[in-house]
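Take a look at the structure set out below.
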Amino acid sequence: MIHSMTGLGIGEAKAGPWALTVELRSVNNRFLEASCRLPSVLSAMEQSMRERLRRELERGKIYAQVTLKAEQDSALGIEVNPAAVKEIRALLDTVADASGVHEPVTLEHILRFSEIFNNNEADKTDPALARAFEEALTQAVNEMKSMRAKEGTALAEDIKARIEILENDRLSIEQLIEANVQSSHEKLKERIAQLVSGTSVDMDRLHTELALMADKMDVTEECVRLGSHHKLFIDYLNGDDAVGKKLNFLLQEMNREVNTICSKAAHIDIQHTAVSMKNEIEKIREQVQNLV
């Protein structure tokens, strides 16, 4: 199935109190290039993420954003541990009794103990977090592949319609070729006859030269090769492999044949048709740039 290089994929998963989101966006690029932004707690997973994207998405510039949020947000990223507060208060009371210092325990005393606070950050060693990351990444990749497949199908249908236009133009040129060659041959004979009037000419040699000149204006071979390129183009579009690079190469060959037709054919209708084909090939090239 043909895939576009542009797409979007979002995956979500939970690990305890944490909500994890993976967002993927892709645009056209000659090769696969991944730009990944992960929270520090997941930094160890960046390399495996890049390898996964390279393996499954093949081509495109991929922007990957991973976010991790606690379901109960804390602006400071910390929270109070009530049990620790009670234990420290009891501990300070015991110390006061044991020391004979009967000074009242204040909040300032308790705040000196960092144990009363829990750092509200994810544990990077938590296996549940790693599983949530893989789950969200899988969802995002699958969603992107699905979107790229839909866009690729639409692009392929448009390109096939344009290839059909090119093929119809090619057939029109083939119909004009015989008349063009015969007409050019006759015009050359008339012109040469005027130029050599009253002089001695080797007619066999003249006919040979005329045949060679007419052959140089014959674009039958170019039309045959174009027909082969059109067929191969459709075969690629109907296949399952990544075809963007192959189609780009074929377009270069098709454009070369049409350029040759423009330069060789003396018939004005053939030249006009060839110019129209060049315009259609350029439109196809723009579409092919979006394909994997």
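The values are calculated or read from the model by the stated rules, or taken from the named source; none is laboratory data. What you see is a predicted model, and the numbers here were worked out from it, not measured in a lab. Glycine also receives a Cβ, built like all others from the backbone with ideal geometry; neighbour counts cover every protein chain displayed.
A few comments on the model shown:
- Test: residue in segment 78-101 that is within 39 Å of the chain's Cα centre (by Cα) and at pLDDT below 90: no
- Close pairs (6 angstrom Cβ cut-off, 6 or more residues apart or separate chains): closer than 24 Å to Glu46 by Cβ and of a type outside the set (S, T, N, Q) in segment 67-83, loosely packed, with under 13 Cβ neighbours inside 10 Å and modelled with pLDDT of 80 or more anywhere: Ala70/Pro17
- Residue in segment 18-45 that is surrounded by the most Cβ atoms within 10 Å (Cβ to Cβ), counting only those that are more than 30 Å from Lys246 (Cβ to Cβ) and under 21 Å from the mean Cα position of the chain (by Cα): Val22
- On inspection, Val101 fails the criterion of being of a type in the set (A, V, I, L, M, F, W, C) and within 18 Å of Glu143 (Cα to Cα).
- Residue tally, condition in contact with a His (Cβ under 6 Å, 6 or more places away or on another chain) and among the small types (Gly, Ala, Ser), over segment 138-169: 2
- Scan segment 7-17 for residues that are crowded, with 19+ Cβ neighbours inside 10 Å and either over 11 Å from the mean Cα position of the chain (by Cα) or β-branched (Val, Ile, Thr) (or both) and the total you get is 4.
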